[in-house]
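Just so it is clear, none of the values below were taken in a lab; they were calculated from the coordinates. Because the structure is a prediction, the values reported are computed rather than measured. Counting neighbours? That spans all protein chains shown, and the Cβs are built from the backbone with ideal geometry, glycine included.
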Amino acid sequence: MIIENFYSVNDYKEKMNLITLSPSSKFVLYILKQRGPLKEKDIIKKTLLPKRTIAYALKKLLEMNFIRKSKDNYDKRVSIFESLI
């Protein structure tokens, strides 16, 4: 199972949260883990998923503290997302 072999989760509750994510959210988390910090438009290009799906996945991942959101140093209007697990 990809969850047990790829992600390092600390406790049972966090593992259950990871398992219950939608497939698109897991895919976004996987891309962030593999490719490093990315902008939302870069995530859309790499996954080929609709913008609305990516926005929902990022919202869920932020709520569960699986990713971190920060601002770009050059353009403060752009957010950068990074995996925390």
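Could you work out the local net charge near Lys45, counting Lys and Arg as +1, Asp and Glu as -1, over the other residues with Cβ closer than 13 Å to its Cβ? That works out to +3.
With the cut-off at 1.5 for a/c, could you classify segment 25-85 from its C-alpha gyration tensor as rounded, prolate or oblate? Taking the square roots of the gyration eigenvalues as a ≥ b ≥ c, segment 25-85 is rounded. Largest GNM mean-square fluctuation across Tyr30, Tyr56, Tyr74, computed for the chain with C-alpha springs under 10 Å, falls on Tyr74. A Cβ-based charge dipole, computed about the Cα centre of segment 2-83 with Lys and Arg at +1 and Asp and Glu at -1, lands at about 380 debye. What the Cβ-Cβ distance of Lys71 and Glu14 gives, at R0 = 22 Å and to the nearest 0.05, is a FRET efficiency of 0.25. Counting 0.36 nm for each residue step from Ile80 to Arg35 and taking away their Cα separation leaves a gain of 15.0 nm. Listed by chain and number, the aspartates and glutamates placed with their C-alpha closer than 16 angstrom to that of Lys76 are Glu40; residues fewer than eight positions away on the same chain are left out.
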